[in-house]
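A short write-up of the structure that comes next.
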Amino acid sequence: MNYITGYYTTKFGELWDKSLFDLVEEAINGVLKSTNLERKKIDAVFFGNMLAGVLGNNLHSTSKLSEILDVNIPVFRTEAACASGGTAFNLAKTYLDANSNKNVLVIGAEKMTDYSPEEVITALSAAASGEEQEAGLTFSGLYAMMANFYLEKYHYTEKNLAYVSVKNHYHGTLNDKAHFRRKISIDDVLESAYVSYPLKVLDSSPISDGASAIIMSNNLNFIKKQDYSASVLASEIATDTISLKSRKNIDEILATKIVSDKAFKMAKIKRSDINVAELHDCFSIAEILAMEDLGFWKKGEGGQKIMEESTTYGNGGNLIVNTSGGLKASGHPVGATGIKQIGEIFLQLTGQANNRQVKNAKYGLAHNVGGSGGTAVVTILSS
């Protein structure tokens, strides 16, 4: 069995005074301090990052991490668009499954706000198909197509989508590391400017900087010395077509459906056992689709279910979603997101989530998506 024994995240936001590797170093130092793990006791490093090669002209980040750590060990970089962090975690678990008595460091990081919005959007669009890029489709446009189809098919309106953003902004006020820490109303969302109809500014996650790090181990002697640990029951990946036009249904992300079935089978628990979940809400429609594709809600019910507010912290629901604030409010430094999601679940399951702590949380799920659904990673943890 593999265990997470420590987690640290920098603040997410517009961190003008820090470089990508300043953020990486802060996350590394923070997580090592939390576990009292010596650098020489790290056996491998897995780094999730999407944009350093495109925006920062830096593709050899693995060597830079070795320099920061001052160790000569294997360092691997993973890139799967916005699922880069979740993929790094999955590969770290695979490494531990193949090697006993090891400790690994898993990091996700991104530096985005030093560049113009046009540069960042162009870089992010590299995760779409060539045809979609040539047509001028950004990810807001792709998710807008999914949202339009869903709203028309199931007879919902933009107001249904707005409930996702309101919930996650409320959760963001409870997270001192979140990019946005202010409540918003349904009217605020509906009155915000359109980005790509029907999605608006307040339906969309921001461009953020940040880094998150996790220590995962199967070294029982090390684990026994830790104050906190959570078991890794499953980490699974599935892929689908990169082009939206090649999919049978655009009101679902098939990769999420496939990978969730695999993860729950591996974890040997039911969907109803999950108490907390961090879902990939890059746009408001994405959380609704995720809740359905993961099997928490029936297909087409999400627009109504979200208005019931049962997934909001403090409302007494059986499943609380995006206690960190999600991508929408906590922020979305794309390489870091998947690690932050798993880290938030770790905090919840070990009773360290402070003023957003979900009572008696025993099982948690993290869901990380790349592109418009070309890659999906689902991780399940237990206390």
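Every number in this text was worked out from the coordinates using simple rules, so none of it is lab data. This structure is a prediction, so every number in the text was calculated from the model and none was measured. Glycine gets a Cβ as well: all are built from the backbone with ideal geometry, and neighbour counts include every protein chain shown.
Remarks
- Surface/4 estimate of mean projected area, convex hull on alpha-carbon atoms of the range 116-172, nm²: 5.4 nm²
- Our helix-only sum for the chain, with -39,500 (n - 2.57) per DSSP H run of n ≥ 4 divided by its residues, gives a mean residue ellipticity at 222 nm of -11500 deg cm²/dmol.
- Using θ = phi - 60° in the Karplus curve 6.51 cos²θ - 1.76 cosθ + 1.60, the 3J(HN,Hα) couplings for the range 219-224 round to 8, 4, 5, 5, 4, 4 Hz; x is entered for Gly and Pro.
- Scalar couplings 3J(HN,Hα) for the range 260-272, obtained by applying the Karplus form with A = 6.51, B = -1.76, C = 1.60 to θ = phi - 60°, are 5, 4, 5, 5, 5, 5, 5, 6, 6, 10, 9, 4, 5 Hz; x denotes Gly and Pro.
- Each residue of the range 147-157 is assigned a 3J(HN,Hα), and the resulting list reads 5, 4, 4, 5, 4, 6, 5, 10, 6, 10, 10 Hz, derived from the Karplus form 6.51 cos²θ - 1.76 cosθ + 1.60 (θ = phi - 60°), x at Gly and Pro.
- Three semi-axes of the equivalent ellipsoid, the range 136-232, Cα gyration tensor, whole Å, largest first: 37, 17, 14
- Rounded to two decimals, the Cα-based Rg/Rh of the range 63-130, with Kirkwood Rh, is 1.06.
- For 104, 189, order by how many other beta-carbon atoms lie within 10 Å, fewest first: 189, 104
- Area projected by the alpha carbon convex hull of the range 1-86, averaged over all directions, nm²: 6.4 nm²
- Cα-based equivalent ellipsoid of the range 180-284: semi-axis lengths in Å, sorted from largest, via gyration tensor: 33, 23, 14
- Of the three principal axes defined by the Cα atoms of the range 16-156, the extents in descending order read 55, 34, 26 Å.
- Within the range 283-383, the percentage of alpha carbon pairs spaced more than 19 angstrom apart rounds to 42%.
- The ranking of 60, 280, 332 from fewest to most other beta carbons within 10 Å of each one's beta carbon is 60, 332, 280.
- Partner lysines for residue 262 [C-alpha distance under 18 Å; skip if fewer than 8 residues away on the same chain]: 93, 270
- The alpha carbon convex hull volume per residue for the chain rounds to 121 Å³.
- Neighbour counts of C-beta atoms inside 10 Å place 284, 205, 66 in the sequence 66, 205, 284, starting with the fewest.
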